[in-house]
1. Which whole-angstrom value gives the distance between the alpha carbon centres of the stretch A:199-242 and the stretch B:97-164?
2. Compute the distance in nm between two label points, each set 7 Å from the Cα along the Cα-to-Cβ direction, one at A:Lys299 and one at B:Ala38.
3. Report for chain A the percent antiparallel among DSSP-assigned beta bridges with both residues inside it, nearest 5.
4. Please compute the contact order of chain C in relative form: average sequence separation of alpha-carbon pairs under 8 Å and at least six residues apart, divided by the residue count, as a percent.
5. Assuming a ≥ b ≥ c are the square roots of the Cα gyration tensor eigenvalues, decide whether the stretch C:290-424 counts as rounded (a/c under 1.5), prolate (otherwise, with a/b larger than b/c) or oblate.
6. Taking just the alpha carbons, could you work out the radius of gyration and Dmax for the stretch A:166-322, both in angstroms?
7. Given chain C, what whole percent of its Cα pairs are spread farther than 40 Å?
8. Can you tell me the alpha carbon radius of gyration of the stretch B:81-149 divided by the globular rule-of-thumb value 2.2 N^0.38 Å?
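Just so it is clear, none of the values below were taken in a lab; they were calculated from the coordinates. Small disclaimer: the values here were computed from a predicted structure and weren't measured. We place every Cβ from the backbone using ideal geometry, glycine too, and count neighbours over all the protein chains shown.
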Amino acid sequence: MKFTTAIKASVLSLGLATGLAIAPAVHADDYPSKSINYIIPFGPGGESDISARHQQPFFKKMFGQDLIISYKPGGGGAVGWSQLNSMPKDGYTMMGINLPHIIIKPLQKDVGFKTDDVDGFYIFHYTPDAIVVTADSEFKSLKDMIDYAKANPGKLTFSGSGKGTANHLAQVTFDKLAGIKTTYVAFKGTGAAVQALLGNQVKAEFGYTSVGAKHSDKVRMLAVAMEERHPSFPDVPTFKELGFDIVSGAYRGIAVPKGTPDDIKNKLSEMIGEINKDADFRKKMEADGFALIDVGVDKYADFIAEKTKGYVESAKEAGVIK
Amino acid sequence: MTTKSVAKRRDISSPVMAALFIAIGAIVIWDTTTYTDADSYVFPRTIAIVMIGLSVLLTIQWFLGWKPSADDPGATVDKSIPRRVLLVIAMIGAALAMPYLGFLIAGLIAFAAIMLIAMYDPWTPYRLAVYPIAGAIIVIGFYMLFSHVLQVPLPEGTMVTLPF
Amino acid sequence: MAAFENLVAAFSPLNLLLALGGVIAGTVIGSLPGLTATMAVAVLVPITFSMEPASALILMGAIYTGAIYGGAYSAILLNTPGTPSAIATTFDGYPMAKNGDGDLAVTLACIASVVGGLVGATFLLILAPPLASVALAFGPVEYFWLAIFGLSLIAALSEGNLVKALMGGCLGLLLSAIGVAEVSADIRLTFGSQVLVGGIETVSALIGLYCVPVLIDLVATPDKHLKVTTETKGIRLPEALAISWRGKFNLIRSSVIGTLVGILPGAGGSIAGLVAYSEARRTAKNQDEFGKGAPDGVQATESANNATVGGGFIPTLVLGIPGTPPDAVILGALLVQGVKVGPNLFTSESSIVYTFIYGLFLATILMLPTGLIIGRYAYRSIIAIPKAILVPTVAFMTLIGTYAIRNSVSDVVIMVILGAIGWVLGRFGFSASPIVLGLILGSIAEQGFVQAWTIGAATENLTGMFFGRPISLAIIAMIVISLLGPSIVKLFAGRNANADGEEKQ
């Protein structure tokens, strides 16, 4: 009896002591006062990493603190997102988020997080989907491609990055809108999908505008899934111009662990927005084929809700979710 | 024919392991029925079937008393079992304690425990003085290398916080 | 003469210093299980923003080269591949160390790494643009057959019962399927556990399956970790040089294999080492010594995996498709710096790329003295440290190293549990190597198969897809040769040996 009270007392005091020690003493005025951990839930070298690397020097220049980028890959991002909310909520830890991943993954099986668990505060860019063919391809325009697909159902092969991804869902939508049947071949990441395209293993790639930017001497894009033409590719039409209502891509943003003070979140949202406004940053991102957008903390929830509808519909058609 | 030689020839580890692998294969096949995409189950299901087939083959080998090579050790366990088990427990314990105690403290405790497990020589005053210090230097050194130079976000622990 | 200017630029004092520092840091990092070349290079990325692109490339290339070589230390001395590239180094390196030849093995690995690195860099210098097309000639089906070729090594490697080895291989293949499938989005074999959603990380599995059993056996006895012959022999350089000279064809062949496999994105150093090992074993006269401490095995893998460094840069710089994970990081850093990769890099911005290649040569050559010196200390420390320090140190390194790969506590738990399972399976005659081969090659085999099948079905030519392409047929021929040769011999030899054994009883 005495013993258990002693244990209780010590546990209590220990809890109190540590509670005091870790009580977040964060104020938005002097934030950030130290470097910020920026976790990418994918491996290095992908688009998520590269866009974060683009932000890194601008953040340092504008706000005086370092962004320390680390990686927590696994489960198509699920490993990182499922652990996000157990990380320190002092505003010095944030994590990259990707659409459609954070919407599709939790609908498949229990992956340790729900879309609502992810406390995103900014979507800062996207890589628009695009149909890419090799420079010497027989398809000169989207019409050539659709004609071929109509004459040869199923024989038009697209490489793309993974299943249930932006590429895959766009291909499903395209098939439906154009009234054709094409074959989607999933590869591990954009690099492998491009390799298959350049090696003529497939007829075309459902990729991103970043593919067109990176391999501009070897490929050409037939259409991009944007509202307006990409500034780096004024000659490439949008799907909309060609009569297909597809505006899609892989959207990337940043989230904080749930429970991070609101004023810190607002401040971070402002900061990321300011980087997005920087002319030099814009130029570099656009040269790599990224398209900048500004979905700040106030518009985030609506944006996710709107995107969820479209993604869920295509994912069901694609057979990725039931 | 002594019982010993019978036991040696009729080492039952092979059919036990075969049964275990068959069970694993069966669980895998059951799991594959929940996949939504045909691309997902072709591979694991095929492999599971092959593995079950091989397990059956292993059982037949055993039944015929045929050992294909003299190198096959069968089941052998010797020497200190307690120390082995303690080592594994210490390592898993350290991993599980990390999120609560933080990496450094969990690492120090694990290091000390494993040092005791691996210690066969008598504890002379010299060793008593030098080994723990060496251990602390190694653990703290690696901790600093990883957390500060390589910028690995090592677990900090929810129960104890460190000044650095 | 532009080439001369680039050569001079590469040898500027700053670049010399970067190459030297990079090689040393890389070697140390590579020798620690869990610290991979990818991570070392990724940490450097922000530093390189404030550097000339060529200098940044030299630093990253030097770290990368050093790390691939450093992986040999732990493979030889602790039976733990510090990086996946060094898996096949354990096959003969650790037996050599157990026999008291650890110092010799380390020196041989150093020489082989330098040769491999130089061969890879030479190909990068002279033939990069044409060789990049090799990467494009490899479609999904070729990757599938290449993975099967790697798996065929299970038969060659099986020490005891072939059936058990194949069962272990299947287990490894199934382990590779755990988690979110990389190409089809399904979540497999997690049984509702979120711990398994991320799958089994390859390097942590390597550490678990190879290193933990060694630790488990170390604590069981008071015996010394490695046998030490009474006289200290130093680094045994003359002896190693003589062996290397005798094995020169093996070294060159393995280096060429390493370069070619390195060119294939996604294949990487582990497959290069395995293929080179397999070829070395197949062509050797002393096949029986392989797996028991044959120097040729160490030479083959170490020259092949360092050749992948130069090989991997070929698709990275020419096509913009990273050959290996560290290449992906380097490519990302270059993109952020505004360097546009492509064949033009070898003409228009030639100064950067050629300065870098000469820097890579420099780093590789510097690896000889630094590698020998660090190797000597690594060996000395491993044999001199008392067991009560060595075991907890290595155990601690496995914990921190495994954590650092993906910053994941789950990976650490999985690593230890796999290690314990591996130890138990080992006791029952299931060795770790087939499981590891299955685990590493599983995803390559599966992806290649599913993609080839999808494309083949779409074009209504499945047979042609799997058996009608020249490179595929060549790989299939290699599989048949390496598989049927030794295993038939073995099967008959085994039957006879066993018959003898029965009679004696």
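1. 53
2. Placing both labels 7 Å along Cα→Cβ, they lie 4.3 nm apart.
3. In chain A, DSSP labels about 60 percent of beta bridges as antiparallel.
4. 29
5. prolate
6. Values for the stretch A:166-322 (Cα only, Rg and Dmax): 17.4, 52 Å.
7. Beyond 40 Å sits 18 percent of the P(r) for chain C.
8. Computed over Cα atoms of the stretch B:81-149, the ratio equals 1.19.
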